[in-house]
Amino acid sequence: MMSHRAVSRLASPAGLALLWLVCGAMAGRAGTQAPLETQVKAAYLFKFPSYVDWPGMAFPRPDMPFAIGVAGDERIALELRRMTAGHTIGGRGIVVREVREAAQCDSLQLLFVGRGDPARAEAVIGWVRDRPCLVVTDGDRAPHGSMIHFVLTDGRVRFDISQAAAADRGLALSARLLAVAHQVVVRNP
C-alpha cells in the first residue's frame, strides 16, 4: 500500500512518470488483484488534477473545496477518501463523494465513472457536459466525453487521453501528463 507521503512526493515534475512506473510494476506483479488495482487508480485520480490548468469558473468561490465525484465504483471512492484525507489540491481541501444523480455533480472538478454499462457511463458524463470538470473513466472502451480513460496493458494500469475532450471543457492538460499517457487523441473523432 502506498503511503500518503509517497503519493505526495509524486507532485514533482518527474512524479507522474515515477507513479506510472511504480504503479505499473506493482500492477504487473499483482496481476488482476482488485485492491492493488484500486489503489493504483485512486493514486492516479489524486494526482491527475496537479497536471491540469483549470479555468477560473471551475471554482466560483475562493473557499470552495476541490470536489471529486465517483460514479459506479464504491471501492475507488473509499480508497480516494483514505488517500486524500488531510491533503489538498491546489491549496483547496478535498471532498470525495459518490454520485448517483445529476444534482450531485453541480460543483465537481473531477468525475470518475467506473466500469459498467457504456450507455449509463455516457449519461453520467452528460451530467457535467457544460462544465470544466475533468472526466476520468474505466471500462472496455472510452465513452464519448471521457478525457482520461484507464486501460490495462500487459497487466499494468495505464491511461489514454482525449486532449480534444479536455479542451472542449476549457481544461488544458500538462505536457508532462500527455508524455506518460499510453495513447493521446488530439482531435475529436
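Every read-out reported here was derived from the displayed coordinates using simple, explicitly stated rules and does not represent laboratory data. All figures in this text were calculated on a predicted structure; none of them were measured in a lab. Backbone-built Cβ (ideal geometry, glycine too); neighbour counts: all protein chains shown.
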* Asked: Share of antiparallel DSSP beta bridges in the range 41-189, in percent to the nearest 5?
  -> 35
* **In Hz, Karplus ³J(HN,Hα) per residue of the range 60-76 (6.51, -1.76, 1.60; θ = phi - 60°; x = Gly, Pro)** => x, 10, x, 9, 5, x, 7, 9, 10, x, 10, 10, x, 7, 4, 5, 5
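Quick one: order 38, 153 by neighbouring beta-carbon count within 10 Å, fewest to most.
153, 38
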* Under unit Cβ charges (Lys, Arg +1; Asp, Glu -1), what dipole magnitude, rounded to 20 debye, does the range 69-113 have relative to its Cα centre? -> 180
* Structure fact -> Exposure-ranked with fewest Cβ neighbours within 10 Å first, 54, 127 stand as 54, 127
* Could you list which residues have their amide H under 5 Å from that of residue 112, counting only those 5 or more apart in sequence or on another chain, with H placed in the peptide plane? => 69, 70, 71, 136
